[in-house]
Amino acid sequence: MSQNSQMALTTNEAAGIQDLEAAGVKFLTSKQVQNLLQVSEATISRMIVDRSIASMKVGSSRRIPIAAYKKYVQQAMANG
């Protein structure tokens with residue numbers, strides 16, 4: 001499977017993100033992003049460390065702004 005097809009949001013995933021935004025949710029857990037992108041926990045950790053996706057620390061956890069997730073997906077698709 002190509003990187004673009006892995007990065008592209010399905011209709012259900014896009015609707016889920018829109019539903020979260022409509023409900024006022026502004027951040028995703030790294031596990032949620034891992035599931036959306038279908039990548040490993042190590043990959044998400046690497047993306048956070050090398051700052052290819054923005055995140056912030058909340059207590060002992062990392063949170064990824066929905067806007068940062070969407071930006072990452074758009075950039076990944078554009079860079080093919």
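The values are calculated or read from the model by the stated rules, or taken from the named source; none is laboratory data. For clarity, every value in this text was computed on a predicted model and none was experimentally measured. Methodologically, a virtual Cβ is constructed for each residue, glycine included, from the backbone with ideal geometry; neighbour enumeration extends over all protein chains shown. The accessibility values were calculated without ligands, DNA or RNA, using every heavy atom of the protein model including side chains. Shrake-Rupley method; radii C 1.70, N 1.55, O 1.52, S 1.80 Å.
What does the charge count near Ser30 come to, summing +1 for each Lys or Arg and -1 for each Asp or Glu among other residues with Cβ under 10 Å from its Cβ? Kindly include the intermediate steps, with their values, before the conclusion.
On the way: positive: Lys31, Arg62, Arg63; negative: Glu41.
Computed value for this residue: +2.
Taking all protein chains as shown and a probe of 1.4 angstrom, Met56 keeps an accessible surface of around 80 Å². The Cβ shell under 9 Å around Ile44 holds other residues with a net charge of +2, Lys and Arg each +1, Asp and Glu each -1. Note on Thr29 and Asp50: the extension gain reaches 5.8 nm, defined as 0.36 nm multiplied by sequence separation minus the Cα-Cα distance.
Computed over protein heavy atoms with a 1.4 angstrom probe, the accessible surface ordering of Ile48, Ile64, largest first, is Ile48, Ile64. Taking a point 7 Å out from the Cα of Ser40 in the direction of its Cβ, the residues of region 47-80 whose backbone N falls within less than 19 Å of it are 47-53. For Phe27, the amide hydrogen comes within under 5 Å of the amide hydrogens of Ile66, counting only partners 5 or more places away or on other chains and with H modelled in the peptide plane.
Against the criterion of solvent-accessible heavy-atom surface with a 1.4 angstrom probe, Arg63, Arg46 sort, most first, into Arg46, Arg63. Counted residue by residue at 0.36 nm each, then reduced by the alpha carbon distance between them, the extension gain from Ala67 to Ala15 reaches 17.3 nm. Pro65 sits among other residues whose Cβ lies under 10 Å from its own Cβ, and their net charge, with Lys and Arg +1 and Asp and Glu -1, is +4.
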